[in-house]
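See below for the structure under consideration.
We did not get these values from a lab; they are worked out from the coordinates using the rules stated. Here the structure is a predicted model, which is why all the values come from computation and not from measurement. Note that we place each Cβ from the backbone using ideal geometry, even for glycine, and neighbour counts take in every protein chain shown.
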There are 2 protein chains.
Amino acid sequence: MAGFSRFLGVLRLFTPDTPAWTVPALAETTGVPASTVYRTVRDLVASGFLEQAAEASYRLGPAFIEFDRSLRLTDPLVVAGRPVLHDVVMQAHVPCVAMLARFYNGSVMCVADEAAADTPFRSSYERGRPMPLVRGSTSKVILAHLPTRQFNKLIENAGLDNKAEAKVEALRTELADIRKRGFCSTASEIDPGLAGISAPVILKDAGIVASLSIVAHDAGIDEGQRRRLILLVVSAASLLAEDLRHRYEAATKATQKVA
Amino acid sequence: MAGFSRFLGVLRLFTPDTPAWTVPALAETTGVPASTVYRTVRDLVASGFLEQAAEASYRLGPAFIEFDRSLRLTDPLVVAGRPVLHDVVMQAHVPCVAMLARFYNGSVMCVADEAAADTPFRSSYERGRPMPLVRGSTSKVILAHLPTRQFNKLIENAGLDNKAEAKVEALRTELADIRKRGFCSTASEIDPGLAGISAPVILKDAGIVASLSIVAHDAGIDEGQRRRLILLVVSAASLLAEDLRHRYEAATKATQKVA
DNA sequence: TCAATATTCTCAAAAAATAATAATCATGAT
DNA sequence: ATCATGATTATTATTTTTTGAGAATATTGA
């Protein structure tokens, strides 16, 4: 491990489960000499990616907060998505959480969420949290619309044994069904008692593969409400996709103008 | 510019004002050959710090969202501060925004904020946004409690000409007054029509220099309310400081146990 | 004060990044 | 379809950095 990967390797050790590290511990875990880690950490601290915590330990630094804001203000998916989430929550008329998730690094990550004012629960899909790719409506919709090449690569990497073959086939069928229907509805796959309804937000050209979801108490919605929520989610998702398409085309034109 | 500073230099160009860059543009701006920038960008994309946007342009990537969550879950100031902000907002009984800010990189940055349900305005202090160090109650409180050495260094770097001398003296007096009173109250220094009331959250040992603030419509609060809000902010801030002290001591002990 | 540990410094060796160029790959226009 | 244009990657000798081992120094707690 050297160069940039050294920095990355160090940063990636700072997880929610292990948020504080001493330099000797980092050195041992990464297998890199302490003197080198000290230098690495010094650079990271100077740039705000780490900061000194209690005593001789370090934790993630405020630079991430700053960059996150920058992203919140500029990422088209987040910028265009937030008002849509707000509308969805307002029109759901049931306690619920609306959210926007995307494919990232072999998993699914929520990039924006909004809860109705009176919602007594929270979804496990929380902004910034990587979630499994094959469970929950949010993830399944994304998986269903992943480019074939990427999907196959994921299947490969998953390391399928013989009896997994059948499962993969079942999954393919389910995903084909999701593509056909245009939405996915599940219950208790992630959070017990909570149901998810998700629709795709796809922009092939821009490489955007995302999904818009509502999470609500499964027991709290009857069949009629469920239909209404599906309609709400599907139409919000396509509105958002349309909006993104416009932004994308505008951005493309702007680039050409510059060039 | 080489090594880590290259990566940093590239990332730092992605600001809210200039969120998308092409490689040639990055190369020209940084003065680094295009082939090198391509390699740098490739590494950053692979690690999620950048991602490809429209056409040949790049923007900040989702890794920042992930790290930001990690920080939200683990940064003691944020973790301990958020429930306090919630309480403050609930007990303010006026439309307001409560927030927590800290010193960062020569400026002041908000790290957490919460608005009362019916608040029709927003403060310029928004999570992740660097703000000036000498304007607004939030910043002044932090400046007033900065270690002397750091303060003097900042004054130096500010590049004081002759007539600035007097201003610096006035500032020193004002800051001494803030230290004595234990809070700072200003109006329309950042946002026209908005008043700020701030109290310090200081943990010398842990290097924490922060402030807790309420922002409300200046015209909407009479003298009695103002006093009440000051009391609220001051007591919330000292509660928070106390909480942080406990956490810090616990963390220090834990470190020693490991070692 | 001392002892223990964290951190920085030094410097020769080694590895890795660099930059110029060539080659390849997309993309949009004709 | 083909071409032209620009984006991106590969190649490679060179040079610059980084690296790492240990020494030196600072910091901290007893």
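I'd like the mean, over residues of A:41-50, of how many other protein chain beta carbons sit within 10 Å of each residue's own Cβ. Show your work: numbers first, answer last.
Working: counts 0, 0, 5, 2, 0, 4, 7, 4, 4, 0.
Partner-chain Cβ atoms within 10 Å, mean over residues of A:41-50: 3.
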Mind checking which of A:106, A:85, A:70 is farthest towards the positive end of the range A:55-127's charge dipole, using Cβ charges of +1 (Lys, Arg) and -1 (Asp, Glu) about the Cα centre?
A:106
How would you rank B:243, B:205, B:17, going from fewest to most other Cβ atoms within 10 Å of each one's own Cβ?
B:17, B:205, B:243
Sorted from shortest, what are the nm distances separating the label point of residue A:42 from equivalent points in the other copies, each placed 7 Å from Cα along Cα to C-beta?
3.1
Could you quickly flag the chain B residue whose beta carbon comes closest to the rotation axis taking B to A, and that distance in whole angstrom?
B:68, 2
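Determine the shielding of peptide B:180-187 by partner chains: average, over its residues, the number of Cβ atoms on other chains within 10 angstrom of each Cβ.
Per residue, the average neighbour count from other chains is 0.
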Relative contact order %, chain B, counting alpha carbon pairs below 8 Å whose residues are six or more apart
15
In nanometres, what is the gap between the two model label sites at residue A:166 and residue A:121, each 7 Å from Cα along Cα-to-Cβ?
3.1
Estimated translational D of the protein assembly as shown in µm²/s (Stokes, Kirkwood radius over Cα pairs; 10 °C; 1.306 mPa s)
63
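Find out how many positive minus negative residues lie around residue B:173, taking Lys and Arg as positive, Asp and Glu as negative, among other residues whose Cβ is under 15 Å from that of residue B:173. Don't jump to the answer; show the numbers that get you there.
Values: positive: B:140, B:167, B:172, B:179, B:180, B:181; negative: B:165, B:169, B:174, B:177.
That sum, taken over residues with Cβ under 15 Å, equals +2.
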Which value in nm describes the separation of the simple spin-label points at residue A:93 and residue A:2, placed 7 Å from the Cα toward the beta carbon?
6.6
Using all C-alpha to C-alpha distances in chain A, build P(r) with 5 Å bins and read off the rounded percent in each one.
1, 6, 11, 14, 14, 13, 13, 12, 9, 6, 2, 0, 0
Fully extended contour minus Cα-Cα distance, from residue B:174 to residue B:42, at 0.36 nm per residue
42.5 nm
How many nanometers, to one decimal and shortest first, lie between the label point of residue B:227 and those of its other copies, if labels sit 7 Å from Cα toward Cβ?
6.2
Under a 10 Å cutoff between Cα atoms, tell me which one of B:55, B:66, B:165 has the largest fluctuation in the Gaussian network model of chain B.
B:55
At 7 angstrom along the Cα-to-beta-carbon line, where would the label on residue B:135 sit relative to the other copies? Give the distances in nm, shortest first.
5.1
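Below 8 Å between Cα atoms, with a sequence gap of 6+, how large is the relative contact order for the range B:170-259 in percent? Before the final figure, lay out each step's value.
On the way: 96 pairs, mean separation 20.7, N = 90.
That works out to 23 percent.
Test of understanding: ordering A:145, B:86 by Cβ neighbours within 10 Å, fewest first, what list do you get? Don't jump to the answer; show the numbers that get you there.
On the way: A:145 19, B:86 12.
Sorted ascending by nearby Cβ count, the order is B:86, A:145.
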